[in-house]
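Please treat every number below as a calculation from the coordinates, not as lab data. Predicted, not measured: the structure shown is a model, and the values here were computed from it. Positions of Cβ are generated from backbone atoms using ideal geometry, with glycine treated the same way; all protein chains shown enter the neighbour counts.
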Amino acid sequence: MSIIRMKYPFLDEIAKYAKEHLPEEACGLIAGSEDENGRLITKVYYLTNTDHAEDHFTMDPKEQLAANKGHESKRP
């Protein structure tokens, strides 16, 4: 099993984002890199919950695609 590491500012940002979107489900994607030390989160993408629901979510597909393209363009 690989360890996933995240710097505290990301953790704080994610918690803040989730609290700001209460009572709705907050959505997002995390991206990063992997090496012999494990996995490191290097980017957080905050996405819109298009359902605006408290008990489920659907991430905006255009935002998902943009996040994926943004991450892929940074790969070596």
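One table, with the values for the structure above:
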read-out	value
Point-charge dipole on Cβ atoms (K/R +1, D/E -1) for the chain, about Cα centre, debye to 20	460 debye
Signed unit charges on C-beta, dipole axis of the chain, positive-most listed residue Y8, A26, T48	Y8
Calculated [θ] (222 nm, deg cm²/dmol) that DSSP helices of n ≥ 4 give over the chain, each run adding -39,500 (n - 2.57)	-10500 deg cm²/dmol
Placed amide H near T48: partners under 5 Å, 5+ positions off or other chain	D60
Label-point separation, A18 to H56 (7 Å along Cα→Cβ), nm	2.1 nm
Calculated diffusion of the chain, Stokes-Einstein form, Kirkwood radius summed over Cα pairs, 4 °C and 1.567 mPa s, µm²/s	95 µm²/s
Degrees between helix 8-20 axis and first principal axis of the chain (Cα, 0 to 90, nearest 10)	10 degrees
C-alpha long axis of helix 61-72 to longest principal axis of the chain, angle in °	10 degrees
